[in-house]
Structures are given as structure tokens and as C-alpha cells.
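The structure appears below as C-alpha cells.
The values are calculated or read from the model by the stated rules, or taken from the named source; none is laboratory data. From a predicted model like this one, the values you see are computed outputs, not experimental measurements. A quick note on method: Cβ atoms are made from the backbone with ideal geometry, for glycine too, and the neighbour counts reach across all protein chains shown. For accessibility, only protein heavy atoms count, side chains too; no ligands or nucleic acids. Shrake-Rupley method; radii C 1.70, N 1.55, O 1.52, S 1.80 Å.
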Amino acid sequence: MLIFVAAPFAEFFVRGRLVVDGDAAATATNILAHESLFRLGFVAELFTLLCDTTVALILYDLLKPVNRSLSLLAAFFRLMLVAIMAVDSLNYFSPLVLLGGAHFLTAFKADQLQALALVSQSLYTHGYNISLVFFGFHCLVIGYLIYRSTFLPRIIGCCWPSGVRAMWPTV
């Protein structure tokens, strides 16, 4: 349940409020004006990844008796999501580096740095979408394993992918 609080907070509450599509100057102004909130969103993102890793291991252990290979495959897909998002978190955080006023960035004009900050947020979105491909495969395999299990209601397995989709509107 922590994932369902931390991830939407980072994605919709923080990025949704601070990143203005197509407007680099407004995005830069928002991020610098609300730097603490942006950093808190980053921490929430990292916390989500920690929780996702834990969920992968719990679901693997829970569903291993049903089919060890498929349970391992589901864990692999979930951990791929975590790995992609961990690397992608650099794109999330990079506007603070680009807009932070470090001496080595004086070679760039302010509008160039603002544009790079917006590009990094766009790249973050693309990385997030790529990770969702692995999340989708994870959900399909987990749904199948739940459906095949004898200790969980089959209806959960049938509804697993669509239920997750209802909770994650970007899936």
C-alpha cells in the first residue's frame, strides 16, 4: 500500500505540479521555487523502488509453490522495472544539478539550462513508460500464477492486470 501513496505523490503531486510541458522557463522556475518539494518527490520515488523490490521478493516467495520458473520470471520483470526506474531517477534529479548554478555550467546560457532541465524530465517520462512494459508483463505473469494457485481466489488472478490498471491510470 505504501507504493500506492509514494508513487502517485512523486508522479502526479510533485511532477504534475512543477513540470510544465513545453515551457522550460516555467518548469525551471517551479522546480527552483519548490526545491524541497521536488527533492521530497525524488525521495518518494526512491522509496517506491525499495517497496517494489520488496514486493517482487514477497510475490516470488508466495507464488513459488505454484510454478517456480514463472514466479522467478515475474520477479525478474518487476526487478527490471526497478532497475530501469533507478537509472531513470537520474533524469528526475538532474534539473537540480542543471539549475543549481554550478561553476562548470557557466558555459551554458540560462535558457539552455532550462531547456536541458525540461529535456531531462521528458526523458524521465520516456524511461518511466519503458519500465511500464516490464510492469505489464509482471502483472500478466502474476495474474496467471494467482489464477493457477490453489490458495488464492481465482478471481484475483483474472482481475489482477485490470485491477492494477485501474489503480495506475498511466499503465
Check: Does residue 93 count as farther than 19 Å from residue 10 by Cα, in a helix (DSSP H, G or I) and touching a Phe, Trp or Tyr at 6+ places or on another chain (Cβ under 6 Å)?
Finding: no
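From the list 117, 107, which residue is within 30 Å of residue 32 (Cβ to Cβ) and in contact with a helix residue (DSSP H, G or I) (Cβ under 6 Å, 6 or more places away or on another chain)? Full working, then the answer.
Values: 107 fails: in contact with a helix residue (DSSP H, G or I) (Cβ under 6 Å, 6 or more places away or on another chain).
Answer to the selection: 117.
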Margin query: Is it the case, given these coordinates, that residue 128 is part of a helix (DSSP H, G or I), at pLDDT below 95, open to solvent by 70 Å² or more (accessible area, probe 1.4 Å) and out of contact with any His (no Cβ under 7 Å at 6 or more places or on another chain)?
Written below: no
Checklist line | Scope the stretch 138-156; condition surrounded by 18 or more Cβ atoms within 10 Å (Cβ to Cβ) and not aliphatic (A, V, I, L, M); matching residues | finding: 138, 139, 143, 144
Item checked: Identity of the residue in the stretch 69-85, more than 14 Å from residue 133 (Cα to Cα) and surrounded by fewer than 16 Cβ atoms within 10 Å (Cβ to Cβ), that ends up nearest to the chain's Cα centre (by Cα) -> 72
